[in-house]
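> Structure in structure tokens, see below.
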Amino acid sequence: MPMNGILGEPGKATILINDSVSDLPKVQFRDAMYMGHENSGQISVVVYRSGDISYRSTVRCYTRQGTAQVMMDFNERPNTDASIITFLPGEVEKPCVLSLVDDTEHEEEEELRLVLGSPRSESPFGASIGKQNETLVKIKDDADKAIIKFGETKFSVSEPSGAGQVSLVKIPVLRVGDTSKVSVVRIHTKDGSATSGEDYHPVSEGEKYSNTSHINISRQ
């Protein structure tokens, strides 16, 4: 009851609470960065939805080039309805799948961005995009690195049959992976039960490789 006064008209008011904005279906990427490998063929990025999830809603998930290039490193997701992700009523997470191009050349780590846009919903109030509207995608290519190795782990050679003679053993050195560039490696001998200078001639040399090269070790 009022003190030192009386109630006038109107003495009542109605308050309407509008939660249409706070409860809008909101979509965004779950993480700020994703890492994938070229030879895996694809990267699956998680898009999640919050707010009112009782309606069907859609959003575009499209690519933006960085050091990774369309067609050379990944298949484009254009900023069109061809790149739409659809959330059915009740769904909170959907994958945005990026297809990668796997070639035989080794490349350094490359990156691109995935972006969300054009949100829509069957809700009468529409849909929105959250703060995490972009995510960085990094592509690694360890599988195509050039690898240089011996063809076998053990080789044998007979001792020379006479004084002053020399026996040779030819050891193949192989290169696999990306063979489009010149690779260089240093090869050297290390004593075991045989001693360099007494039992064999030591080797220490740099070799350039295409696919297969050989080194010769002589037995005294």
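All of the numbers you see were taken from the coordinates with simple rules; none came from a lab. Small disclaimer: the values here were computed from a predicted structure and weren't measured. When we count neighbours, we look across all protein chains shown, and the Cβ atoms used for this are built from the backbone with ideal geometry, even at glycine.
> Under a plain spin-label model, where a point goes 7 Å from the Cα along Cα-to-Cβ, how far apart in nm are V157 and A194?
0.5 nm
> Can you list which of the GluC sites (Glu not before Pro) found in region 89-144 are DSSP loop residues with at most 14 other C-beta atoms within 10 Å?
Filter output for region 89-144: E91, E105, E108, E109, E122.
> At a Förster radius of 45 Å, what calculated FRET efficiency corresponds to the Cβ-Cβ distance of K140 and S50, to the nearest 0.05?
Here the calculated transfer efficiency is 0.90.
> Past the 22 Å Cα-Cα mark, which pairs from K26/K94; K26/K140; K94/K140?
Beyond 22 Å: K26/K140; K94/K140.
> Another one. Can you compute the modelled spin-label distance between M71 and S99, with each label point 7 Å from Cα toward Cβ, in nm?
So the label points at M71 and S99 sit 1.5 nm apart.
> How much FRET efficiency would the formula 1/(1 + (r/R0)^6) give for F125 and R64, where r is the Cβ-Cβ distance and R0 is 25 Å, rounded to 0.05?
That pair, F125 with R64, gives E of 0.30.
> Could you list the chymotrypsin sites (Phe, Trp or Tyr not before Pro) in region 90-156 that lie in coil according to DSSP, counting only those with at most 13 other Cβ atoms within 10 Å of their Cβ?
Sparse-neighbourhood loop chymotrypsin sites (Phe, Trp or Tyr not before Pro): F155.
> Could you give the length gained by full extension between R186 and A32, i.e. 0.36 nm per residue of separation minus their alpha carbon distance, to one decimal place?
Difference between extended and current length: 51.2 nm.
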